[in-house]
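As structure tokens, the structure follows; a few thoughts come after it.
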């Protein structure tokens, strides 16, 4: 299954919910959400800095990943960025593909 990186920043309301429910509770909610669409939560980490949470997930396809991102964003408790991740084998395959590209000014 394709893997994705989530970079999550909580809104003020989301942070208030975390203070009330705790971090472990939120991880359980996310894990249930991911499993509910046929995915898998590989990693869930809280962080200090620009992002509050980093997750690595697996989903059956891009459409499923996009559906989760849209629903999380629409709920208003967090801002989420989803990044598609490539395995080293996929990257090797991409490196072997021939494409026609002309850089600007060339």
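The values are calculated or read from the model by the stated rules, or taken from the named source; none is laboratory data. This is a predicted model, so every value here is computed, not measured. Cβ placement follows ideal geometry from the backbone for every residue including glycine, while neighbour counts extend to all protein chains displayed.
Check off (1) out of contact with any helix residue (DSSP H, G or I) (no Cβ under 7 Å at 6 or more places or on another chain); (2) within 16 Å of residue 14 (Cα to Cα) for residue 77 and give me the number that stays unchecked.
Result: residue 77 passes all but (1).
When residue 19 is evaluated against the numbered criteria (1) at pLDDT 95 or above; (2) within 16 Å of the chain's Cα centre (by Cα), which criterion, by number, is the only one it fails?
Condition not satisfied by residue 19: (2).
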